[in-house]
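The values are calculated or read from the model by the stated rules, or taken from the named source; none is laboratory data. Note that the structure is a prediction, hence the values are computed from the model and not measured. Positions of Cβ are generated from backbone atoms using ideal geometry, with glycine treated the same way; all protein chains shown enter the neighbour counts.
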Amino acid sequence: MNQRLKLLISFGIPLLILFMPASFIPLDNLTLVEQRMIAILFMAALCWILEPIPVFSTSILIIVLELVMISDKSLVIFREDGNTLGELIPYGEIMGTFASPIIMLFLGGFFLAMAATKYRLDVNLARVMLKPFGNKPKFVMLGLMVITALFSMFMSNTATTAMMLSILMPVLALFPTDGKGKIGFALSIPIAANVGGIGTPIGTPPNAIALKYLTGEDYISFGEWMVFGLPYVLVILFISWVVLQWLFPAKVKEVDMDIKGKFLKTWKAYVVYISFILTILLWLTDFLHGMNSYIVALIPVAVFTSFGIITKSDLKNISWDVLWLVSGGIALGLGLEKSGLAAHLIDAIPFGTLPAYIIIISITLLAVVMANFISNTATANLLLPIVAALAMSIPALAEFGGVRHLIVMTALSCSMGMLLPVSTPPNALAFGTGYFKTPDMVRVGLIIMAVGYLFIHLFAYLFNTAI
Amino acid sequence: MDFKGYSYQQIRERYFSEEKNSRKLKKGEILMKQGAKNDRLYLLIKGKIIAYVSNEAGNKYEVFRINPGMFAGVYSFFSGSYMSRTTMEAVEDSELLFLEAQPFEEREDTESEIRFLLPVILSDLNARMESAHQMASEKEEAITQLLKAEKMATLGQLAAGLAHELNNAVSVLKSKSDWLARELDNFFRNQGAEVFDFYHRGLETGQAMSSREVREDREKISVELGVDRNTAKRLARTGLPISTLKEHRGDLERLIIYWEIGAAFHDMGLASEHASQVVQSVKELGAGSAERKSGLDINKTLRDALTLIQSVLRQVEVQTELKEGLYTMASSGELVQVWINLLKNACESMINSRMENPVLRVETSGTAKWITVRVIDNGPGIPDDIIGKIFQPNVTTKKGGLSFGLGLGLPISLNIIQDYNGSISVNSNPGRTEFIVKLPVA
Amino acid sequence: MEKLFIIVVDDQREVLTTVSSELEALGSLVFVEECESPAEAWELIEEIDANGDYPAVVISDHVMPVKTGVEFLSELSEDSRFADVKKVLLTGLATHSDTINAINQASIHRYVEKPWDKEEFLQIVRTLITEYLLEKGLDYQGYSEITDHATILRFMKDNG
C-alpha cells in the first residue's frame, strides 16, 4: 500500500466519523465529545496499524488532538453547543500523561540501562555469567539466552539484542556455512530478548501499560509481577532452547565466546553497581519501605545525574520515542474513560452475556495476532484501555481471576508477537545478520508463540487457584 | 708584525747558499724513503714533491705536498732522529737546496739559530697542515658526489630492472587486448549491424562526454526514452544522439553493453599505451645515463621528462612550444634528469604557493649552433636572497616538505650541462621565473 | 524515501567511470554521481542539499588540477552543512604530509589506495552509508540491501 493511500485511509475515515451526523453511529445518546473520541480512537488504530506516520508521532497526535478537541481548554468552537456536548476533560490530566508514573518507571529503567552500558556493566556481566556454561554449543546457547533474557528484563529488548548479537556475530562467522547451527544461535537472541521482556514491569512497554490499569485492589507491585513473570520467562526460555536445539542442532564441537573487558573499578562505576542492586532490591521490597515502584524508579535518576554518571549529553540518547509512544496509549485510555465512551460502549454491546472464557480467549488471541503485525506497544496501547473497561462490566470474569488476570494476560499476549522479522525490533536486528530466512523464524516463532500462549493460560489458571 | 726570526730570503742566503749543496730530481725519483736515514733539510726551489706513508699492506697514503719555497725533511732534521717518516717522491722535475746536519750542529750558535729558523719552519708546517685539510675536504666532497652518483646509478639500475619487468607485462597486456579487440571485432560483425555499430562507436571514441554533460543528458534521455535512471546514465555516456537512441528504442538495454565493451577496450588501449610510454621513459632514464650519443632529439628528452612527472604536472596547466629538429650530443638519461629537475622545481614552487591558474611553459628554439630550452613558470619567483646561490649545494626554496623523486638538484644539473659545454641561467620575478638552458647543436 | 547520493570526484574520466560502475553494485537505493572536478562536485552537492536530499558519501581523488582532493574535502568538513558527510580519499599518490592533512584537516573517514579491491571498497562504502543513515536518524531499515549490519548493531547497542 502506498504512502498516500495509507494517509487517506488513516485520516479520511476518522474525519468522516468526526463530521457524520451522530445518528449514523449505532450508540444511543452519543455526546459530541464521545463522537470526537471515536474519531481519535479510529485514527489511533489506523495509524498504528498502517503506520503512515511513525508510531510515536501517532501517540503525540492523540494527545494534541485530545487537547484541541475534547479538553476543557480546547478550541472555542469545540466547546459550544451545551446539550449534547458531553464531559470535557481537564487539559492538565491529558498533558499529565507525558509524565505519568508509568513513564517515570520507564525513565528510571532507561537510566539504569544507560549507566550499565556506559560503565560496561552489561558486557562484563555477560562475560562472567557466560563462563559457567562452558563451551559446548548447546550450553553456550542456553547461557546466551539466559543472559539475554535477564538483561532484557531491565534494559530495552532492542539494545540487549544489539549487544548480544555483536558479541555473537564474530563467533558465528567461524561456524561451518552449511550447518544449521548458526540459524539456531542467531534466532536464540531475539527470542530470549522478546521473552525476557515479560519478566519485569519495566521489561517491555506493554507490561508498564498494563500496570497503569492495575489500580486499587488490582494493584501489582514490581515484586509481585516478577513472582509470576520470572518463572514464566524461565519456562518459555527453556522450551525455546529445546525447540532450537531440536530444529537447528549445531555441528561444531566447541564454541568459544571471547568477550574482552574488565569490571571498571572507579568510584563512579561502584556507584553504578550499588545503585543497580539497591534499586532492584527496593523494587522487590516495597512491602517493607512503602515506596511504590514508580517512586523507586526515580531514585537512580537522581543519583546518576548528581554524580555526573549520566551527563547532559547522555540525556539526548534517551529513547523519547518509546516514552511518548506509551504516553499516547495512556492518553487514549484516559480519553476513552473520561469521555464516558468506554462505559457507553460496554453498555451498548452485550459482553456480559458472553461466557467469560470466550472473552478471554478472543482478546488474548487478538492481542497476539495484532502484535505480530504492529508494534507490541501500540497493540497494548489500543487494547488495554478497552480491555480494562470491558473487564469491569463482566462479573463472570471473577471466576477467572477478574480484571487483573485479563489485563496481565493481554499484556503478556502482546509480547508473544514475534513471528516475523517485522514483529519486533529484536527480530529485525537478528534478521539483518542474514544467518536465517523468514521461514526459519516463522517456524520457531509459531511453536514458541503457541506454547507461550498456552502457558499464559496455564499460569493464569495456576495463579488463580493459588490465590 | 714584530718579526723575530729570519725571513725566507734571509734563511735561503744564510743556510742554503752553497752551490754544491743542491740536488735535481726527475719526475718519479724518490727524495727520501720512509724509515731511511736523512740528515738533510731540503728547500724546494722548483717542482712539486709528494710525501706519503705506506702501511704494512703496502697501501700508500698521501700525507702532504711540498711546493716551491717549502722545506722537506723538517721532522728528521730537527727531531734529531735523522730518520725520514715519509717517502717523498717528485711528481714533477724538481730542484732542491739542502743543509747538512753535521756542519749545522757543529756551529757554536746552533741553539739560537734554531730559534731564528723556527717561525719559518712553523709556517711551513702550517701550510702542510692546511693543504692536508683542504685535501681532506676535497676528498669528502668527492665522496659525497660519488655516493650521490652511486645512489642515482643504483636507482637507475633499479628503475631499469623494474621497467624491463613492467615492459614485458605491459606488452603482454597490450598485445592480448589488441588481439581480443580484433577477435571481438570479427565476432560482433556477425552479430548484426546494430551490435557492431554500438561496439565500434564505443571502441572509436570511448567516453567523450564529461560528467556534467552526462548528468545533463541523462534527464533528457530518461524522459524521452522512458528508461530508468541508471540506464539513462549509461546511455548518456555513449554520447550518441537521441535520434540514434530512439531508433533502437526497446533494444537499448541489450545494445548498450556492446558500446560499453567497446569503450572498455578503448580505455584499455589508452591505458596500455600510457603505461608503455612511462616504462620507456623510465628505461631511458635508468639505462641510458652513461652513454652519450650525438643527434639526440632534445624534444624527446623533454617529452620523456614530462611523462615521468605527469602526476605532479596534473596540478598545473602545461603549455609546450617545441621546435622540431633540434639535436645535441648528450646522454638522454642525464638530460631527462635535468629537465625533471627544472620542471619539478617550477611546479612545486607554484603548487606550494597555492596560487590560482599555475601555468608551466616549456619552449625549445634553436640557431645553427645553439639550442635553447626555456622552462617558465608564473609562480611567486625565487627570493632575492637565495637566487645567487641556487646552483650551490644545499640551497632550497622548499619549506620542510618531503620531496622524493628523480631530480638531482640544480648543482648537479649545472654540472651536467656544463659538461656538455652548455649553460644554465635564470631570470626570476614574481609571476615569471625562467630557466634558460643552452646546449650546443651536435 | 530520502534520496541518498554518493559523489565520486576524479579528474580522470576512466577512473571515474570505473569507480562509479563498481558502486552501481549497491543498487538503485543510492544515486551515484560522477564529477570531474571539485568545483563541479561543489555545485552538485549544493544542488542535492537544496533539493532536501542527502550527499551521504563523497569519494575524491587527491591529485587534481586547480584543487587537490584534500583541499576539497577540507572545505567540505569546514562547511557545517556537510561536516557529517562521509569522506573518502581514493588516491595512488599522496605524500606523507598530504596524508597527515587529510586526517587532521579534512577529517576523512577512510583512506583508500589505488589500485583498490572492489569488494573491500564496496564494504567501506556500505559501512559509511550505514553510519551516515544512523547518525542522521534516517530510516535505515529501508536500506537493508546496502547497509552494514555490524555497524547497526554497534549503534543500536548504545542507542536502542
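State all residues of segment A:431-444 that are free of Cβ contacts under 8 Å to residues at least 60 places away in the same chain and assigned to a loop (DSSP other than H, G, I, E, B); if no residue qualifies, say none. The answer is A:G434, A:K437.
Just one of the numbered conditions (1) farther than 30 Å from A:L334 by Cβ; (2) at pLDDT 85 or above is not true of A:L174: (2).
Summed over segment A:373-396, the residues that are part of a helix (DSSP H, G or I) and surrounded by fewer than 22 Cβ atoms within 10 Å (Cβ to Cβ) give a count of 7. Here C:T91 fulfils each of the conditions (1) in contact (Cβ under 8 Å) with a residue 12 or more places away in the chain; (2) polar (S, T, N, Q); (3) surrounded by fewer than 19 Cβ atoms within 10 Å (Cβ to Cβ) apart from (3). When residues in segment A:86-97 are screened for being crowded, with 17+ Cβ neighbours inside 10 Å and in contact (Cβ under 8 Å) with a residue 60 or more places away in the chain, 4 of them pass. Of B:R234, B:R218, B:R212, all but one fail to be touching a helix residue (DSSP H, G or I) at 6+ places or on another chain (Cβ under 8 Å), without any contact (Cβ under 8 Å) to a residue 12 or more places away in the chain, among the basic types (K, R) and more than 30 Å from B:L410 (Cα to Cα); the exception is B:R212. Considering segment A:144-168, the residues that are at pLDDT 90 or above, more than 15 Å from A:G199 (Cα to Cα) and more than 8 Å from chain C (Cβ to nearest Cβ) include one that is farthest from the chain's Cα centre (by Cα), namely A:L144. Scan segment C:46-59 and give yes if some residue there is under 23 Å from B:L313 (Cβ atoms) and either surrounded by fewer than 22 Cβ atoms within 10 Å (Cβ to Cβ) or within 14 Å of another protein chain (Cβ to nearest Cβ) (or both), otherwise no. Checked segment C:46-59: no residue is under 23 Å from B:L313 (Cβ atoms) and either surrounded by fewer than 22 Cβ atoms within 10 Å (Cβ to Cβ) or within 14 Å of another protein chain (Cβ to nearest Cβ) (or both). Going by what's in this entry, would B:D304 be described as part of a helix (DSSP H, G or I), within 14 Å of another protein chain (Cβ to nearest Cβ), of a type in the set (D, E, K, R) and out of contact with any strand residue (DSSP E or B) (no Cβ under 7 Å at 6 or more places or on another chain)? When the stated conditions are applied, B:D304 does not pass them. The set of residues in segment B:55-75 that are in a strand (DSSP E or B) and in contact with a Phe, Trp or Tyr (Cβ under 8 Å, 6 or more places away or on another chain) comprises B:K60, B:Y61, B:E62, B:V63, B:F71, B:A72. Within segment C:62-86, residues that are more than 9 Å from chain B (Cβ to nearest Cβ) and more than 13 Å from C:I45 (Cβ to Cβ) reach partners that are of a type in the set (G, A, S) and outside any helix (DSSP H, G or I) with beta carbons closer than 6 Å, at six or more positions or on different chains, in the pairs C:H62/C:A94; C:G69/C:S60; C:V70/C:A106; C:S74/C:A106. Within segment C:99-122, none of the residues are more than 22 Å from A:K316 (Cβ to Cβ), within 14 Å of chain A (Cβ to nearest Cβ), at pLDDT below 90 and outside any helix (DSSP H, G or I). Within segment A:366-407, being at pLDDT 80 or above and hydroxyl-bearing (S, T, Y) holds for A:S375, A:T377, A:T379. Listed by position, the helices (runs of 4 or more DSSP H) inside segment B:192-257 whose residues that are within 11 Å of chain C (Cβ to nearest Cβ) and touching a strand residue (DSSP E or B) at 6+ places or on another chain (Cβ under 7 Å) number at least 1 are B:211-225. Residues of segment A:401-430 that are within 14 Å of chain C (Cβ to nearest Cβ), surrounded by fewer than 24 Cβ atoms within 10 Å (Cβ to Cβ) and either of a type in the set (V, I, T) or assigned to a helix (DSSP H, G or I) (or both): A:V422, A:P425, A:A428. Only a single criterion out of (1) closer than 19 Å to A:L406 by Cα; (2) in a helix (DSSP H, G or I) is not satisfied by A:V235, namely (1).
This table checks each residue for (1) part of a helix (DSSP H, G or I); (2) modelled with pLDDT under 85.
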site: B:G333; (1), (2): yes, yes
site: B:N345; (1), (2): yes, yes
site: B:R354; (1), (2): no, yes
site: B:V362; (1), (2): no, no
site: B:R374; (1), (2): no, no
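Cβ separations smaller than 9 Å between residues 6+ apart or across chains give the following pairs from segment B:303-327 residues that are without any contact (Cβ under 8 Å) to a residue 40 or more places away in the chain to residues that are of a type in the set (S, T, Y): B:R303/B:S281; B:R303/B:T320; B:D304/B:S281; B:D304/B:S332; B:A305/B:S281; B:T307/B:S281; B:E324/B:T364. Touching a Gly at 6+ places or on another chain (Cβ under 6 Å), buried (at least 22 other Cβ atoms within 10 Å of the Cβ) and in contact (Cβ under 8 Å) with a residue 40 or more places away in the chain, is that true of A:S188? No: the conditions fail for A:S188. Scanning segment B:162-191 for residues that are closer than 13 Å to B:K283 by Cβ and surrounded by 13 or more Cβ atoms within 10 Å (Cβ to Cβ) yields B:L162, B:A163, B:H164, B:L166, B:N167, B:V170, B:S171. Within the set C:E113, C:E78, the sole residue that is over 18 Å from C:S20 (Cα atoms) and surrounded by fewer than 16 Cβ atoms within 10 Å (Cβ to Cβ) turns out to be C:E78.
Give me a count of the residues in segment A:111-161 that are aromatic (F, W, Y), buried (at least 24 other Cβ atoms within 10 Å of the Cβ) and more than 25 Å from A:F175 (Cβ to Cβ). Of the residues in segment A:111-161, 1 are aromatic (F, W, Y), buried (at least 24 other Cβ atoms within 10 Å of the Cβ) and more than 25 Å from A:F175 (Cβ to Cβ). Among the residues of segment C:28-45, those identified as more than 24 Å from B:V316 (Cβ to Cβ) and within 16 Å of the chain's Cα centre (by Cα) are C:L29, C:V30, C:F31, C:V32, C:E33, C:L44, C:I45. Among the residues of segment A:1-39, just one is among the basic types (K, R) and either in contact with a Gly (Cβ under 7 Å, 6 or more places away or on another chain) or free of Cβ contacts under 8 Å to residues at least 40 places away in the same chain (or both), namely A:R4.
Yes/no per residue for (1) surrounded by fewer than 16 Cβ atoms within 10 Å (Cβ to Cβ); (2) free of Cβ contacts under 8 Å to residues at least 24 places away in the same chain; (3) assigned to a helix (DSSP H, G or I):
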site: A:V272; (1), (2), (3): no, no, yes
site: A:V303; (1), (2), (3): no, no, yes
site: A:I309; (1), (2), (3): no, no, no
site: A:I330; (1), (2), (3): no, no, yes
site: A:G333; (1), (2), (3): no, no, yes
site: A:H344; (1), (2), (3): no, no, yes
site: A:I358; (1), (2), (3): yes, yes, yes
site: A:L365; (1), (2), (3): yes, no, yes
